[in-house]
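Taking it in order: structure first as structure tokens, then the write-up.
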């Protein structure tokens, strides 16, 4: 099987992509002094760590996340471990990016999962594709809303997705590829736990490869955290994967994904201008 996602290039999607390119050019042109860049990078890591863990139900507010990242305590609760793990994964990926060692692969995805789930899952499940069936429940009602693919199909589906990413990168706009990767990853649900955080970090890798360095200056997860239920509604599915797979349409998600990047780029632009005025 070859992964061949369905979507339409709408006027809105084209407008969003154009706006993103313009905003990136503006930010690149506006060369910030090193001291401001340092502050923007620090803020981006804090916001990314806070929002990506918050989306998954971590109760710590941003102020507490900042304190934990500053003090790096040794004996921690699960919520604090999630924050420390995610921040460390961000730093490691950014270091690889600076050395030109960052390329999306299944091994990199497994490595990301291992980093974010260290001390949070059984050791035989960390950094490994799931070997058990999972179900997705509604967090409010606890009712089953989605049945992901069976274990036997997880690795083939992940390989198909990664083949799509690498084979189409010269043919399809990179923003569209990153968005499709993000949603299809969530649909496959390759791990027992930690899927969302792993997916968002892996998507950062794709965005970094096209010049949107989300490890440094902005946090595209910030947009999702503003309305988590809307994010889950856009990125997820309801029903059985095998009943839905042939009718999945990525168009609505593509518009939402690019809207989120615009929203965050505008926030960073405003933040940078404010720093320059101080």
Rank the residues 142, 267, 197 as a footprinting-exposure proxy: fewest other Cβ atoms within 10 Å of their Cβ go first.
142, 267, 197
Prolate/oblate/rounded call for the range 184-223, Cα gyration tensor, a/c under 1.5 rounded:
prolate
Please order 181, 250, 257 by the number of other Cβ within 10 Å, starting at the fewest.
250, 181, 257
Calculated from DSSP helices alone, with each H run of at least 4 adding -39500 (n - 2.57) and the total divided by the residues of the chain, [θ]222 nm to the nearest 500 comes to -21000 deg cm²/dmol
Where labels lie 7 Å past Cα in the beta-carbon direction, separation of residue 246 and residue 269 in nm
4.4 nm
Semi-axes of the equivalent ellipsoid for the range 1-74, Cα gyration tensor, largest first, Å
33, 23, 11
Where is the GNM fluctuation largest for the chain (alpha-carbon springs, 10 angstrom cutoff): 72, 202, 89?
72
P(r) tail fraction, the range 140-278 - alpha-carbon pairs more than 20 Å apart, %
50 percent
Going out from 0 in 10 Å bins, what whole percent of all Cα-Cα distances in the range 45-153 drops into each bin?
13, 35, 36, 15, 1
May I ask you to compute the full-extension gain from residue 19 to residue 238, defined as 0.36 nm times their residue separation minus their alpha-carbon distance, rounded to one decimal in nm?
75.7 nm
So if I take the centroid of the Cα atoms in the range 56-72 and the same for the range 1-45, what is the distance between those two points in Å?
26 Å
Run the quick spin-label model on residue 35 and residue 78: label points 7 Å from Cα toward the beta carbon, then report their separation in nm to one decimal.
4.4 nm
Please arrange 48, 103 by how many other C-beta atoms lie within 10 Å of their C-beta, fewest to most.
103, 48
Inter-centroid distance (Cα atoms) of the range 131-163 relative to the range 80-102, Å
26 Å
Rh by Kirkwood over Cα pairs, then Stokes-Einstein D for the chain at 0.692 mPa s and 37 °C, µm²/s
169 µm²/s
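Every read-out reported here was derived from the displayed coordinates using simple, explicitly stated rules and does not represent laboratory data. This is a predicted model, so every value here is computed, not measured. Counting neighbours? That spans all protein chains shown, and the Cβs are built from the backbone with ideal geometry, glycine included.
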